[in-house]
Amino acid sequence: MAFKTHLFIVDPQVDFCDPKGALPVGGADKDMERLAAMIRRLTAAKKLDDITVTLDSHRKVDISHPIWWKRVGDGARPNPFTILGAGPKGDIVTMALDNGKWLPTSEAWTTYMPSWFAKSLEYLKKLSANGRYPHCIWPEHCLIGTPGHNVQPSLMPALLEWEDQFAAVNYVTKGSNIWTEHFSAVKAEVPDPADPSTQVNAELIASLEEADIIAVAGEALSHCVANTVRDVAACFSDPKYVQKLVLLTDASSNVGGFEFLGEAFMKDLLALGMQTATTTTFLK
């Protein structure tokens, strides 16, 4: 049976990869240039069988965007990178008042959806219980239909050239449910029982399991790459499949200030058997 190679690219989008994007990741523009060169090399050598690309896909109104929250007293919106989360007691009062005094936008939970307030704070409690991330307010990014949602222009032509072989890139969208953060392409941080798109993407896991080797790249290492790969490893039907994963270390960068999350991810997954390579050494 022929050796099968799968390239798994997480969120290689303009808002992350362009230095002028809404949420730029330092070094991501160069990451994508190197990744494009590798794709062309492997395409010419006929060593690349499958490509999956995930796309962060948000709406303006989103629980992780400033519009969702207001400060008690003056009604000001939180600045990007404000951290919200459950307080030490895990109750609504603690969450509302001990974490910068932020509450869900009043107009929404009184006129549009009366349960908005309680549902928002319940989300914070569940997210805190998961223990992976506190709730962070992000700049509006990867809004569906905007240029920032697109694949980085330096990478897209290489993907299209690979498709010239009569192949098809598998595009996987995530993040359009406004009630939950969705770093991982496998499942949302707090899955919604009523929304299958937030639950485990079994089809994605199955497609990765078919490969003999899986090269992983994308943005950002500290968040979407880390959560995606952690969830892939946890959902593999055989724990030994983690050894198929090869992180391309020169094609993924951390969000500034969150390098410690990328370092923790690397330590944990390397211990499980994940390998590393660069875009120039992979399958050389």
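What follows draws every value from the coordinates through simple rules; no lab data is involved. Quick caveat: nothing in here was measured; it's all calculated off a predicted structure. Neighbour counts run over all protein chains shown; Cβ positions are idealised from the backbone, glycine included.
Annotations
- Unsatisfied cross-links (Cα-Cα over 19 Å) in the set K4/K240; K174/K240; K70/K101; K244/K284; K4/K244: K174/K240
- Principal axis analysis of the Cα atoms in the chain yields extents of 62, 38, 33 Å, listed in decreasing size.
- Computed over the chain, relative contact order equals 26 percent, with contacts defined as Cα pairs under 8 Å that lie 6+ residues apart.
- FRET efficiency, N130 to R71 (Cβ-Cβ, R0 45 Å, nearest 0.05): 0.95
- Neighbourhood charge, 12 Å Cβ-Cβ cut-off, centred on D62 and excluding it, Lys, Arg +1 and Asp, Glu -1: -1
- Tail fraction, Cα-Cα pairs, segment 113-235, threshold 20 Å, whole percent: 53 percent
- Across segment 1-43, the residues whose backbone nitrogen lies under 14 Å from the label position 7 Å along the beta-carbon direction of Q165 are 2-8, 38-43.
- Cα-based reach from K20 at 17 Å (exclusive), listing lysines while leaving out same-chain residues under 8 positions away: K30
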